[in-house]
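**Student:** Just passing along the structure, written as structure tokens.
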Amino acid sequence: MSVALTKDTDKFLCVLYKEYLERRKKGESNRDSKYFSSEYIQRLFPNQNQEDCMESARELKKAFDISIDIVGGISLSDETIIYMENRFPEGLSQLLDILGKFKNAIPFV
């Protein structure tokens, strides 16, 4: 699957996926692990403008049909998880390497 995302949205998705993996590792349900309330998103991205986060969410909705609730909460779709599993077959360690590179490239998080 080929997906084109802006760098901001790609980093946004990587951070959400990292959180998803950590939640699953802690034993949370798949459904609960995929949901991020608007308050949780603000905690994940304290230095990011909320409207920019919503813009990234809308971009992900176009690419993966994620759910966005009326108050700005996001639920990752199965399609999103499959994409990320294929993108990072080695899991969290490979993802953390990418996020480290993003930190220097995009002042986000």
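**Student:** What does the charge add up to near Thr6, with Lys and Arg as +1, Asp and Glu as -1, over the other residues with Cβ less than 12 Å from its Cβ?
**Tutor:** -1
**Student:** Taking 7 Å along the Cα-to-C-beta vector as the label spot, tell me the Ser2-Gln50 distance in nanometres, rounded to one decimal.
**Tutor:** About 3.8 nm, to one decimal.
**Student:** Follow-up question, since we're still on this one. Please report, in debye to the nearest 20, how large the charge dipole of the range 28-88 is about its Cα centre when each Lys and Arg carries +1 at its beta carbon and each Asp and Glu carries -1 there.
**Tutor:** 60
**Student:** Quick one: what are the phi-derived ³J(HN,Hα) couplings along the range 54-60, Karplus 6.51/-1.76/1.60 with θ = phi - 60°, whole Hz, x for glycine and proline?
**Tutor:** Karplus-based 3J(HN,Hα) across the range 54-60 equals 5, 5, 5, 4, 5, 5, 5 Hz.
**Student:** What is the distance, in nm, between label points placed 7 Å from the Cα along the Cα-to-Cβ direction at Glu79 and at Lys25?
**Tutor:** Here the answer is 2.9 nm between the modelled labels.
**Student:** Tell me whether the range 3-47 comes out rounded, prolate or oblate; compute the Cα gyration tensor, take square roots of the eigenvalues as a ≥ b ≥ c, and use a/c under 1.5 as the rounded threshold.
**Tutor:** Taking the square roots of the gyration eigenvalues as a ≥ b ≥ c, the range 3-47 is oblate.
Every read-out reported here was derived from the displayed coordinates using simple, explicitly stated rules and does not represent laboratory data. Just so it is clear, the model here is predicted, and its values are computed rather than measured. Please note: Cβ atoms are built from the backbone with ideal geometry, for glycine as well, and neighbour counts cover all protein chains shown.
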